[in-house]
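Novice: Please find one structure pasted underneath; my questions will follow.
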Amino acid sequence: MAEIQVGASSWRSVQVGRVLKLESGSLATIVEIIDHKRALVDGPSSDPRLATARGPISLSNTLLTPFVIEKLPRGARTGAVKKAWEAAEIDAKWKESNWAKKQLQQERRKALTDFDRFKVLRLKKQRRFEESKALAKVKASA
């Protein structure tokens, strides 16, 4: 007979302690689930760009991150959330994530001047030329 294995799904779930990325680009953690569409969140990040004031938020305006603050009690106050946030090192984990790196790269590109964009174009062109030269050398030797 066939063997059946039952395991937990790898889906991210809405749970107390789950870290969210808000539309504004800031981070927050779920402190209490109000109903199936809203949650009470608090984001005590040390980075002012990522910090979020405590309050209710619609879950449709958020994205679930893979980070979870373990054993965060339901309805925890701001001080307890801040201690748990720092203990879980959420800020450091966020800065190392590809999501944050991509967001930082997009911000940098938005801030480029016309001349900076021109310099980037020239560098990309130079890189493509070097790559095609190396490829031609490999093809010629083969």
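Novice: Please determine whether any residue of the range 109-124 is among the hydroxyl-bearing types (Ser, Thr, Tyr) and either part of a loop (DSSP other than H, G, I, E, B) or within 30 Å of LYS37 (Cβ to Cβ) (or both). I'd like the intermediate steps shown before the answer.
Specialist: Within the range 109-124, the first condition is being among the hydroxyl-bearing types (Ser, Thr, Tyr), and the residues that meet it are 113.
Filter once more, so that each one left must be either part of a loop (DSSP other than H, G, I, E, B) or within 30 Å of LYS37 (Cβ to Cβ) (or both): 113.
There is at least one residue in the range 109-124 that is among the hydroxyl-bearing types (Ser, Thr, Tyr) and either part of a loop (DSSP other than H, G, I, E, B) or within 30 Å of LYS37 (Cβ to Cβ) (or both).
Novice: Continuing with the same structure: Would you be able to tell me the number of residues in the range 88-142 that are over 30 Å from GLY43 (Cβ atoms) and aromatic (Phe, Trp, Tyr)? Steps first, please.
Specialist: Restricting attention to the range 88-142, the residues satisfying the condition of being over 30 Å from GLY43 (Cβ atoms) are 113-142.
If we keep only those that are aromatic (Phe, Trp, Tyr) too, we end up with 115, 118, 129.
Result for the range 88-142: 3.
Novice: Would you check if there is a residue in the range 67-81 being part of a helix (DSSP H, G or I), over 21 Å from TRP11 (Cβ atoms), basic (Lys, Arg) and without any contact (Cβ under 8 Å) to a residue 24 or more places away in the chain?
Specialist: Keep residues of the range 67-81 that are part of a helix (DSSP H, G or I), which gives 78-81.
Restricting the remaining residues to those that are over 21 Å from TRP11 (Cβ atoms) gives 78-81.
Those left that are additionally basic (Lys, Arg): none.
Taking every residue of the range 67-81 in turn, none turns out to be part of a helix (DSSP H, G or I), over 21 Å from TRP11 (Cβ atoms), basic (Lys, Arg) and without any contact (Cβ under 8 Å) to a residue 24 or more places away in the chain.
Novice: Within the range 14-44, work out how many residues are free of Cβ contacts under 8 Å to residues at least 40 places away in the same chain and either acidic (Asp, Glu) or assigned to a loop (DSSP other than H, G, I, E, B) (or both).
Specialist: Result for the range 14-44: 8.
Novice: If I ask for residues that are touching a helix residue (DSSP H, G or I) at 6+ places or on another chain (Cβ under 9 Å) and of a type in the set (A, V, I, L, M), which ones from the range 1-23 would you list?
Specialist: Taking the range 1-23 first, the residues touching a helix residue (DSSP H, G or I) at 6+ places or on another chain (Cβ under 9 Å) are 14, 17, 19-23.
The answer is VAL14, VAL19, LEU20, LEU22.
Novice: Quick check: is even one residue across the range 67-82 under 14 Å from the mean Cα position of the chain (by Cα) and either surrounded by 11 or more Cβ atoms within 10 Å (Cβ to Cβ) or not acidic (Asp, Glu) (or both)?
Specialist: Filtering the range 67-82 for residues under 14 Å from the mean Cα position of the chain (by Cα) gives 67-68.
Of the ones still in play, those that are also either surrounded by 11 or more Cβ atoms within 10 Å (Cβ to Cβ) or not acidic (Asp, Glu) (or both) are 67-68.
Taking every residue of the range 67-82 in turn, at least one turns out to be under 14 Å from the mean Cα position of the chain (by Cα) and either surrounded by 11 or more Cβ atoms within 10 Å (Cβ to Cβ) or not acidic (Asp, Glu) (or both).
Novice: Look at ASP47 and say whether it is closer than 18 Å to ALA88 by Cα, assigned to a loop (DSSP other than H, G, I, E, B) and of a type in the set (Asp, Glu). Give the derivation first.
Specialist: Values: closer than 18 Å to ALA88 by Cα: yes; assigned to a loop (DSSP other than H, G, I, E, B): yes; of a type in the set (Asp, Glu): yes.
In short, yes.
The numbers here are math on the coordinates, done by the rules we state, and not lab data. Keep in mind the model is a prediction, meaning the values are calculated, not measured. Neighbour counts run over all protein chains shown; Cβ positions are idealised from the backbone, glycine included.
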